[in-house]
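Have a look at the structure below before the remarks.
The values are calculated or read from the model by the stated rules, or taken from the named source; none is laboratory data. Only a predicted model underlies this, so the values are computations on that prediction, with no experimental measurement involved. So basically every Cβ, Gly included, is an ideal-geometry build from the backbone, and we count neighbours across all protein chains shown. We work out accessible area using only protein heavy atoms, side chains counted, and drop any ligands, DNA or RNA first. Shrake-Rupley method; radii C 1.70, N 1.55, O 1.52, S 1.80 Å.
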Amino acid sequence: PVLEATPSECEEIRALPALESALAAALKKQALEKLTTDTVSNASWIVQAAERVLIPGSEPLKEIRKLFEVAEAADHHSASGDHRALRLVIEKEESSAARAILLSRSVRLLHRVAQASLDGGDATESILLLAEIPPETRTDVTRKLAADALVKLQGGVAPLLALESSKVLELAIWVEESDAGVKEILVGLFANRALEAVRKNDGAEASRAFVEVVKRRPDPNDLNDELRFQFAMGADGGSARAFSLGRVEELKRTGALTLSRKFRLLTQGYFGWFVPLLFIVSFCTLIVSLSLLATRRVSGSFRVPIPSLSGIRSKLNSRASKRNDPGYLAPTEKSDEYSELLSYFGLEDSSSEAQIKKAYRSAIKAYHPDHFTSGTPESEAAADKFRRMQDAYDRIMQIRSSWFGGRYDRG
């Protein structure tokens, strides 16, 4: 209706301060609502109406024109994707109405840039951008983008750095309130953050992060117990050690401190250093003892004995005397030794082993010393003959065993 008013009607409105003031308030409200949700071009009719009915140069008209100027400046930054410049503009703006317009356009810009970062694989940058959105201006789009970014943030150092920001942490908790799937993601992120804090010797931060883990994953829980054990194994000293000692006490109370865990913690000095040192000394003593024993065996009883020169000479003399013994049937130069030994039993080279054994048994029975009266010349001759037969048989068997693995074939 204002746009359709004639110039004279507009003059009448300006002449009535109460009516002009009411129209100014209504137009300003319309401008604020449209500029926070719509484009400048779609809301341009508002500034046109204000210029028709409001007194030129009046404060209400200046305020409405400023809202449009702010919206156009915000659109300029949005077109270039410069969300940091837009953020500076918002920080400098004192008018609450202008800030509202800037914030609404800033939220849309941050959504767009965060989505681009997420599509480009930089979930950390995306979640940091979304964390800049004030809580009162967040929308369902903010929630969805933040949930997607948290899903991609699992694992690695980037989420630990992102969670250092209190704004990111507050945003993650806000998303968790309406998305149950984010809870497990946050448990993992807080657990990693606590482990990293222990490695940095920051017991206070580790405690805060672990509280968030237990809040989302209540005890008793085996995963929480394993996390406590990892704290204890990763703490080197200082506040992290004090924090880990508390977690070890919790493992004791819940009965989750198994024998293997207790032994590994013992090596880390959690139950005093006397027992680990005693174990190390005992182990070193055992190693030294085994080394000495091995050295003694090599240089002592396990050494191959080297015969002396006198012993070698004694054995050679013994063998020489045996060869000179007439009872030893050594081969002659004119006859084959094997044939000569067989002829001693009345056998030939072609005789089998069974025939040789049979002839040998018959001969020793005939000349066995038991068949003769001891002390007589006949008994002495028989004993000599008996011994020669034994020597001959042994030599025959020795020769046969040396031929083709004991198989003999004179053919």
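When you filter the GluC sites (Glu not before Pro) in the stretch 1-67 for DSSP loop state and at most 14 other Cβ atoms inside 10 Å of their Cβ, you are left with Glu4. Taking label points 7 Å from Cα along the Cα-to-Cβ direction, Lys167 and Lys357 give a separation of 10.6 nm.
Separation between the Ser339 and Ser379 pseudo-spin-labels, each 7 Å from Cα along Cα→Cβ, expressed in nm? That separation, rounded to one decimal, is 4.0 nm.
In this Cβ point-charge picture (+1 for Lys and Arg, -1 for Asp and Glu), the stretch 349-396 has a dipole of about 160 debye about its Cα centre. Note on Ser350 and Ala242: their simple-model spin labels are 11.0 nm apart, each label 7 Å out from Cα toward Cβ.
A full extension of the chain between Ile399 and Ser41 corresponds to an added length of 116.5 nm, given 0.36 nm per residue minus the alpha carbon distance.
Given a Förster distance of 25 Å, report the FRET efficiency between Ile55 and Glu33 from their Cβ-Cβ distance, rounded to the nearest 0.05. Result of the calculation: an efficiency of 0.60. FRET efficiency for the Ala180 to Leu290 pair, using the beta carbon distance and R₀ = 56 Å, is estimated at 0.40.
Judged by the mean number of other Cβ atoms found within 10 Å, the most tightly packed of the peptides 139-147, 21-29, 376-384 leads the ranking 139-147, 21-29, 376-384.
Accessible surface comparison of His111, His371, probe 1.4 Å, protein chains only, largest first: the order is His371, His111.
Summary of packing: across the peptides 213-225, 121-133, the per-residue average of other C-beta atoms within 10 Å ranks them, highest first, as 121-133, 213-225. With 0.36 nm allotted per residue and the present C-alpha distance subtracted, the Gln48-Glu226 stretch has 57.2 nm of extension available.
Computed from backbone phi, the HN-Hα couplings of the stretch 249-261 come to 4, 5, 4, 4, 5, 8, x, 8, 8, 5, 5, 5, 5 Hz, rounded to whole numbers (Karplus: 6.51 cos²θ - 1.76 cosθ + 1.60, θ = phi - 60°; Gly and Pro given as x). For Phe283, the accessible surface of its heavy atoms amounts to roughly 120 Å² (probe 1.4 Å, protein chains only, rounded to the nearest 10). The dipole here belongs to the stretch 2-64: it is taken about the Cα centre, uses +1 on the Cβ of Lys and Arg and -1 on the Cβ of Asp and Glu, and is about 180 debye.
Centroid-to-centroid, using Cα positions, the stretch 331-383 and the stretch 102-123 are 117 Å apart.
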